[in-house]
1. Can you give me the accessible area per residue for the range 14-113, using a 1.4 Å probe, in Å²?
2. Could you rank the peptides 70-76, 33-39, 46-52 by their average count of other C-beta atoms within 10 Å per residue, with the highest value first?
3. Please identify the GluC sites (Glu not before Pro) of the range 22-54 that satisfy two criteria: DSSP loop assignment and at most 12 other Cβ atoms within 10 Å. Which are they?
4. More than 19 Å apart: what percent of Cα pairs in the range 18-113 qualify?
5. Using θ = phi - 60° and the Karplus relation 6.51 cos²θ - 1.76 cosθ + 1.60, list the HN-Hα couplings for the range 40-57 in order, rounded to whole Hz, with x at every Gly or Pro.
6. Could you give me the ³J(HN,Hα) list for the range 88-98, computed from phi with Karplus coefficients 6.51, -1.76, 1.60 and θ = phi - 60°, whole Hz, x at Gly and Pro?
7. What FRET efficiency would be calculated for the residue pair residue 53, residue 22, taking the C-beta separation as r and a Förster radius of 30 Å, to the nearest 0.05?
8. Considering only protein heavy atoms, with the full assembly of protein chains and a 1.4 angstrom probe, order 66, 77 by accessible area, largest first.
Amino acid sequence: MRKLIFFAALLGTTACWAQSVDVGHCNFPEVPDMVDGTAASEEKMASAAAAVREFVTAMQSSLQCIDTVEAGLGAGITAEQKAALNVLYNNGVDQMNAIAEAYNTQVRAFKAR
């Protein structure tokens with residue numbers, strides 16, 4: 001959970017840094033609630049799996065949006081704009097990986113019961 005808070009704070013900072021780039025329409029999706037694999041029912045685990053898949057799909061769309069913004073800037077992109085877009089993109093990938101890993105940890109806990 002600390003990782004997610006860190007990423008949210010970093011995204012807020014990065015959004016200010018990237019003001020010269022219009023990425024307002026490339027919103028990152030809401031982070032899904034994480035299930036507790038040590039206590040969740042099979043139904044809850046399945047629901048969590050669906051939420052994580054939905055999150056990953058939405059995040060992939062957001063990352064594609066960032067790619068599209070970058071491509072739209074073309075040869076006129078500044079080093080600062082490129083760096084800001086790279087940070088946003090990498091933060092999205094990191095957040096997506098953190099959610100997937102957190103869910104996988106809960107799946108292992110569920111199976112270990």
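The values are calculated or read from the model by the stated rules, or taken from the named source; none is laboratory data. In this text, all values refer to a predicted model and were calculated from it rather than measured experimentally. Positions of Cβ are generated from backbone atoms using ideal geometry, with glycine treated the same way; all protein chains shown enter the neighbour counts. Ligands, DNA and RNA are excluded from the accessible area calculation, which covers all protein heavy atoms including side chains. Shrake-Rupley method; radii C 1.70, N 1.55, O 1.52, S 1.80 Å.
1. Values: 5800 Å² over 100 residues.
Using a 1.4 Å probe on heavy atoms only, each residue of the range 14-113 averages 58 Å².
2. Details: 70-76: 10.3, 33-39: 14.3, 46-52: 16.1.
In decreasing order of mean packing, 70-76, 33-39, 46-52 become 46-52, 33-39, 70-76.
3. Numbers: sites: 30, 42, 43, 54; in loops: 30.
Hits after loop and neighbour filter: 30.
4. Working: 2218 of 4560 pairs.
Within the range 18-113, distances greater than 19 Å cover 49 percent of Cα pairs.
5. Once θ is set to phi - 60°, the couplings for the range 40-57 become 6, 6, 4, 5, 5, 5, 5, 5, 5, 4, 5, 5, 5, 4, 4, 4, 4, 4 Hz.
6. Calculated HN-Hα couplings, in order: 4, 4, 5, 5, x, 5, 4, 5, 4, 5, 5 Hz.
7. Numbers: r = 29 Å, r/R0 = 0.97.
After rounding, the FRET efficiency stands at 0.55.
8. Working: 66 5, 77 40 Å².
Per-residue accessible area, sorted high to low, gives 77, 66.
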